[in-house]
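Take a look at the structure set out below.
All of the numbers you see were taken from the coordinates with simple rules; none came from a lab. Owing to the predicted nature of the structure, the values given are computational and were not obtained by experimental measurement. Counting neighbours? That spans all protein chains shown, and the Cβs are built from the backbone with ideal geometry, glycine included.
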Amino acid sequence: MAGTGRMQKMVLARMRNAAAIPLAGLATVLYVLWQLVTEQQLFLRTFFVERMGKSGVEKLPLGYWNVLALKSIMLCQHLSYKPDALREARRRTEQRMLRRLQNHGVPRRQVLAIQEYRPGELEPNRFYNEHVKRGVPCVLRGFVENAPTDWTLAKLAERFPHTLVQALDKRTKQMINTTLETIAEDRRRNFIPQQLLLDQNPTFNEYFGIPRSNTYFPVMGRPTKPVLSFLILGLGAGLNANYHCEEGPNWYLAVSGSKRWTLIESEYSWLLYPAPRGDGMRRFAEFQADEQGEPSDRDTYPLAEYAPRYEFDLHPGDVLFFPAWMWHKTINLHEEGLGITCRYTAPAKMSNRYFRGLQLLSTGFWKSCIDVISCSIRGNVGDLASHTGYNEQETTLY
């Protein structure tokens with residue numbers, strides 16, 4: 001009987017593995033069709049409505065025709081795989097935007113207050129309705145009260161020495177896979193650590209208490225697991241990540257050290273000079289960052305100062321939530337700056353139809369969807385850790 005049961009499980013496993021990619025492909029096609037019809041409205045709404053972000057965010061006087069011109073230019077750059085195409089036309093349009101902002105007296109470096117909650121003050125259902133659905137960022141102070149002192153790189157490497165980690169090899173300038181133990185011993189001499197995929201080792205979920213986070217993203221009243229979760233390995237005081245944004249909502253738990261965060265609403269994307277390069281899963285500001293994560297050449301990129309932003313520090317045990325496509329940058333305030341990023345899926349107000357539209361036209365997006373969904377069907381999401389293309393930080397941030 002036991003042998004028959006094992007045989008049946010093996011047959012079911014083979015059938016599931018064989019069907020994983022076709023089912024993932026079908027799910028991706030259905031999702032794209034749904035996006036094209038309901039959200040993109042066959043790209044008409046995406047292209048001709050001026051706003052980049054959700055309603056309720058202050059609109060700046062950039063000019064309808066300027067925004068339409070930038071959308072057209074970036075679309076040409078994206079589809080032609082020529083990021084420098086129409087460069088002069090784009091610069092002229094950005095100059096017109098700058099003059100409009102100056103003429104209207106728009107303040108520079110306006111800092112907004114982000115909503116913060118004390119431990120136990122925000123229940124999961126209220127968080128879901130007021131922040132996830134509406135796309136409103138917030139900070140949950142002391143979500144993990146008295147965050148464990150052993151949540152450090154050295155202690156993690158001692159407990160999980162052979163865990164697979166993605167890092168940038170300084171000598172070859174290539175992304176490689178190595179071990180957590182190696183990274184802890186190296187201390188950035190030869191490798192710049194990036195992240196490790198928590199899904200490859202289920203014990204991480206319990207170790208960091210991820211299941212408690214799942215209750216904050218309910219579907220039909222039931223907790224849901226994140227699609228993917230990463231441990232970001234930021235080493236080096238002053239290390240900063242340039243402005244970038246991603247296609248999914250983020251739940252970030254500060255693990256060790258403190259970071260200074262800056263968030264900017266997707267509505268102000270044009271002020272951050274979004275680069276046309278990329279696979280559609282995330283976008284980067286095209287400028288090189290200084291030690292504060294701002295444009296190192298501010299005369300060439302003057303629009304950035306006109307983007308209202310949230311600025312705050314996160315400490316171990318704090319949680320930050322911000323919606324899809326919200327721009328963010330970080331600066332390590334201590335030698336270590338470890339944090340966990342969980343990517344959940346949840347119905348929410350569309351935060352950037354234009355970037356989503358470019359995503360649907362990106363082969364990288366299709367490949368990523370099929371890879372992640374097929375691995376979920378097979379039950380081996382941890383295998384994604386062997387693909388360096390899924391690294392969270394990306395080499396351009398350093």
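The figures follow:
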{"read-out": "³J(HN,Hα), Karplus 6.51/-1.76/1.60, whole Hz, each residue of the stretch 125-137, x for Gly, Pro", "value": "5, 5, 4, 5, 6, 8, 10, 5, 5, 8, x, 10, x"}
{"read-out": "The stretch 111-397, dipole about Cα centre (Lys/Arg Cβ +1, Asp/Glu Cβ -1), debye to the nearest 20", "value": "700"}
{"read-out": "Violating pairs (Cα-Cα greater than 27 angstrom) within the set Lys59/Lys225; Lys155/Lys367; Lys54/Lys329; Lys225/Lys349; Lys155/Lys259", "value": "Lys59/Lys225; Lys155/Lys367"}
{"read-out": "When the convex hull of its Cα atoms is projected in every direction, mean area for the stretch 124-225 (nm²)", "value": "8.4"}
{"read-out": "Mean-position separation - Cα centroids, the stretch 285-318 and the stretch 137-167, in angstrom", "value": "26"}
{"read-out": "Pair Glu58, Val227: separation of 7 Å Cα→Cβ label points (nm)", "value": "3.2"}
{"read-out": "Listed residues Ala157, Ile340, Ala27: farthest to the positive end of the dipole of the chain (Cβ charges)", "value": "Ala27"}
{"read-out": "Those trypsin sites (Lys or Arg not before Pro) in the stretch 175-256 that DSSP places in a loop and that have at most 10 other beta carbons within 10 Å", "value": "Arg189"}
{"read-out": "Cα-projected label distance for Leu68 with Thr215, points at 7 Å along beta-carbon direction, nm", "value": "5.1"}
{"read-out": "Extended-chain gain in nm, criterion 0.36 nm per residue less alpha-carbon gap, Glu121 and Tyr207", "value": "28.6 nm"}
{"read-out": "Debye intensity ratio in log₁₀ form over the Cα atoms of the stretch 182-245, taken at each q of 0.20, 0.27 Å⁻¹", "value": "-0.93, -1.14"}
{"read-out": "Cβ-based charge dipole, the stretch 111-397, positive-most Cα from Pro274, Phe287, Phe312", "value": "Pro274"}
{"read-out": "Over 13 Å [Cα-Cα, the stretch 59-104], rounded percent", "value": "54"}
{"read-out": "Bridge type composition, the stretch 111-397 - antiparallel percent by DSSP, nearest 5", "value": "90"}
{"read-out": "Cα centroid separation, the stretch 20-74 to the stretch 205-242 (Å)", "value": "27"}
{"read-out": "Charge dipole magnitude, Cβ of K and R +1, D and E -1 - the stretch 1-158, Cα centre, debye nearest 20", "value": "620"}
{"read-out": "Net lengthening on full extension, Glu311/Gln102 (0.36 nm per residue, minus Cα-Cα)", "value": "72.9 nm"}
{"read-out": "Per residue, the convex hull volume that the Cα atoms of the chain enclose (Å³)", "value": "159"}
{"read-out": "Alpha-carbon gyration tensor eigenvalues x 5, square-rooted, for the stretch 197-348, Å", "value": "28, 19, 13"}
{"read-out": "Sequence-distant residues sharing a close amide H with Val57 (under 5 Å, placed H)", "value": "none"}
{"read-out": "Nearest-0.05 FRET efficiency for Arg51 and Glu88, computed from C-beta distance (R0 30 Å)", "value": "0.70"}
{"read-out": "Rounded FRET efficiency, nearest 0.05, which uses the C-beta distance separating Gln288 from Arg187 and R0 of 35 Å", "value": "0.85"}
{"read-out": "At R0 = 51 Å, FRET efficiency that the Cβ-Cβ distance of Thr172 and Val29 yields, to 0.05", "value": "0.85"}
{"read-out": "Pairs of Cα atoms farther than 28 Å apart, the stretch 29-174, %", "value": "56"}
{"read-out": "Estimated vicinal HN-Hα couplings, Hz - the stretch 325-342 in sequence order (Karplus 6.51, -1.76, 1.60; Gly, Pro = x)", "value": "6, 7, 5, 8, 9, 9, 9, 6, 8, 10, 4, 10, x, 8, x, 9, 10, 10"}
{"read-out": "In nm, spacing of pseudo-spin labels at His162 and Arg109 (7 Å Cα→C-beta vector)", "value": "5.1"}
